[in-house]
Amino acid sequence: MVNAIQISNLEKSYKNSFKALSDIEFSVKNGEIFALLGPNGAGKTTLINAICGIIKIDNGTIDVLGANNIRDYRLARSYIGLVPQELTTDAFETVWNTVSFSRGLFGKKSNPDYIKNILMQLSLWDKKDSQIRMLSGGMKRRVMIAKALSHEPKILFLDEPSAGVDVELRKSMWNQVKKLKESGVTIILTTHYIEEAEEMADRVGVMNKGKLILIEDKKKLMKKLGKKELIITLSKSLKKIPDELTKFNLNLVENRKLIFTFDPQKTNNEVSYLLESLRKKLITFNDINIKESSLEEIFVGLVGKNEF
């Protein structure tokens with residue numbers, strides 16, 4: 001099966017010699033949610049603009065469902081729906097008209113039932129006759145998604161979809177995106193909200209300074225790079241970690257908690273050895289908890305190790 005997106009040797013520089021994209025090569029599978037993470041200036045938006053044909057690339061190839069985005073531009077672009085960061089809509093137009101107009105721009109025949117279905121899915125139906133300027137920021141963002149879906153694209157790009165949206169609306173939008181995936185739409189999103197990628201993505205790509213550091217299945221990434229912490233709440237205060245326990249990766253917090261950081265991939269029974277060592281030292285405890293690394297902690301670690 002042809003991939004939704006296939007990119008090879010992609011390069012993009014600007015006149016001031018700034019290299020925005022360097023040797024980008026990856027693919028996005030049909031029907032997946034692919035999250036692109038990276039700090040400001042990493043090249044995420046530039047990459048999306050390149051795929052959508054908004055900017056001219058210097059080198060490389062981009063295929064959208066098998067259609068080259070330069071040679072077969074119209075076909076490639078027809079497969080794509082784009083929700084940009086900026087809320088660019090006609091403030092005095094109604095929701096219904098602006099979404100219907102977007103459909104017409106792609107040469108699609110009028111289909112009121114389809115437009116109605118989109119608006120209902122995005123909880124915009126009761127706002128169909130409202131002018132854009134009368135909507136909240138979150139509702140405007142939903143209108144942008146409706147516009148992007150108006151021509152029935154197979155691939156949807158969401159560039160910072162939750163920017164400026166409150167927590168409640170953000171979670172509501174996450175649910176909407178999951179429903180779109182269930183309907184067969186491939187989704188590529190960029191985000192500053194790590195929890196957004198952790199909540200929705202199937203795979204994660206990390207960018208830094210125009211380069212793609214890695215691409216990995218989200219669960220595999222967290223399993224491969226994630227650390228675990230064993231938090232041991234002591235029965236009595238401990239002034240310092242005994243010399244016999246310094247061989248373990250331990251931190252003493254407020255004299256009452258021992259934090260043991262370990263790699264769950266290793267099978268050397270470190271946790272068992274630690275607990276046995278505590279017993280031998282007559283150090284008793286009331287509680288044990290395990291904390292796993294979040295995607296955010298993994299992301300910060302990856303970017304920190306890749307200062308190009």
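The values are calculated or read from the model by the stated rules, or taken from the named source; none is laboratory data. Here the structure is a predicted model, which means the values were calculated and not measured. Here the Cβ is made from the backbone with ideal geometry for all residues, glycine too, and neighbour counts use every protein chain on show.
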If you go through segment 174-189 one residue at a time, do you hit one that is more than 19 Å from Ser27 (Cβ to Cβ), at pLDDT below 75 and in contact with a strand residue (DSSP E or B) (Cβ under 8 Å, 6 or more places away or on another chain)?
no
Residue satisfying condition, being within 30 Å of Ser22 (Cα to Cα) and either out of contact with any Asp or Glu (no Cβ under 7 Å at 6 or more places or on another chain) or modelled with pLDDT under 80 (or both), within set Asn268, Asn306, Asn251
Asn306
Breaking point among (1) at pLDDT below 80; (2) surrounded by 11 or more Cβ atoms within 10 Å (Cβ to Cβ), for Phe285
(1)
Verdict on Lys147 being in contact with a Phe, Trp or Tyr (Cβ under 9 Å, 6 or more places away or on another chain) and either outside any loop (DSSP other than H, G, I, E, B) or at pLDDT 85 or above (or both):
yes
Does segment 150-170 hold any residues that are under 14 Å from the mean Cα position of the chain (by Cα) and either modelled with pLDDT of 75 or more or closer than 11 Å to Ile188 by Cα (or both), and which are they?
Leu156, Phe157, Leu158, Asp159, Glu160, Pro161
Got a sec? Which strands (runs of 3 or more DSSP E) wholly within segment 1-120 have at least 1 residues that are without any contact (Cβ under 8 Å) to a residue 40 or more places away in the chain?
19-28
Extreme residue, farthest from the chain's Cα centre (by Cα), among residues of segment 204-247 that are assigned to a loop (DSSP other than H, G, I, E, B) and at pLDDT below 75:
Lys227
